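The structure appears below as structure tokens.
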Amino acid sequence: MIKNKNLVFLGPPGAGKGTLSEILLRDEKLVHISTGDILRAEITRGTELGKSAKALMDQGKLVPDQIVADMVAARLAQDDCAGGFILDGFPRTVKQAELLEEATAKIGRKIDKVVLFDAPYDLLIQRLTARLTCRQCKANFNKIFSKPAREGICDHCGGELYQRSDDSLETAKNRLKVYEEQTSPLIRFYTENHLLAKIDASLPKEQNYGMLLAVLNT
């Protein structure tokens, strides 16, 4: 049982946030929250926020931060989040973090801990360009660091593993550049708010998980 349960996972692509989220969710009754999933659900349900987002998307426009923050807050207000949650992929900017803070305050929720997954650039490039994805369940593996038990076969569903075209070196470098420019300022933001804890994401996942549990209990 962990002490801090309302969580934001922060870190560059390839740092292992998704991998450790999966392990943590097996041990703790937390809700994993993806803004993409929330957006699709709001549109499907035809909520006012969903209608606003769809109208913008149909015009090829980005959904404003305020709408995304309100959607996230609405999701966090649901009963299944009362026992804790993991926000992965949001906030991406300081502006989004400020809006999230305001939105969660309105619904009586707060972030307990922000975990920074820290890893060196060269290692991130290796991981991002060696990723394998299952065609069926979309699970991710890595040819170097997280190999499937059988080559080319998903451990979870037996589906075929393949390498996506966007897992190229050029794409990997661009994703890390975007993270550095837009998202890394959150490190200072959450440090100043006394919420940030850092783990060494270059270590094997078993060691990483032990470190994650340690910071979630402090």
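Before moving on, here are some points about what is shown:
- Taking a ≥ b ≥ c as the square roots of the eigenvalues of the alpha carbon gyration tensor, the range 1-108 is prolate, as a/c is not under 1.5 and a/b beats b/c.
- Ranked list, fewest to most other Cβ atoms within 10 Å of each Cβ, for Tyr209, Tyr162: Tyr162, Tyr209
- Around the Cα centre of the chain, unit charges on the Cβ atoms of Lys, Arg, Asp and Glu (plus for the first two, minus for the last two) sum to a dipole of about 220 debye.
- Distance from the range 168-218 to the range 59-109 (C-alpha centre basis), Å: 19 Å
- Fewest-first ordering of Ser165, Ser21 by other beta carbons within 10 Å of each residue's beta carbon gives Ser165, Ser21.
- Look at Met1, Met71, Met57 and count the other Cβ atoms within 10 Å of each Cβ; fewest to most, that gives Met1, Met57, Met71.
- Each eigenvalue of the Cα gyration tensor of the chain, multiplied by 5 and square-rooted, gives one semi-axis; in descending order these are 27, 22, 18 Å.
- Positive-end ranking of Ala77, Leu56, Thr44 along the dipole of the range 20-92, with charges on Cβ about the Cα centre, is headed by Leu56.
- Contact order relative to length of the chain, as percent, for alpha carbon pairs under 8 angstrom and 6 or more apart: 29 percent
- Rounded to whole Hz, the Karplus (6.51, -1.76, 1.60) HN-Hα couplings of the range 201-218, x for glycine and proline: 7, 7, 7, x, 4, 5, 5, 4, 5, x, 5, 4, 4, 4, 6, 7, 10, 10
- Unsatisfied cross-links (Cα-Cα over 22 Å) in the set Lys95/Lys177; Lys17/Lys147; Lys29/Lys54; Lys3/Lys177: Lys29/Lys54; Lys3/Lys177
Throughout, read-outs are computed from the coordinates displayed, never taken from laboratory work. The shown structure was predicted, so the numbers you read here are calculated from the model rather than taken from an experiment. When we count neighbours, we look across all protein chains shown, and the Cβ atoms used for this are built from the backbone with ideal geometry, even at glycine.
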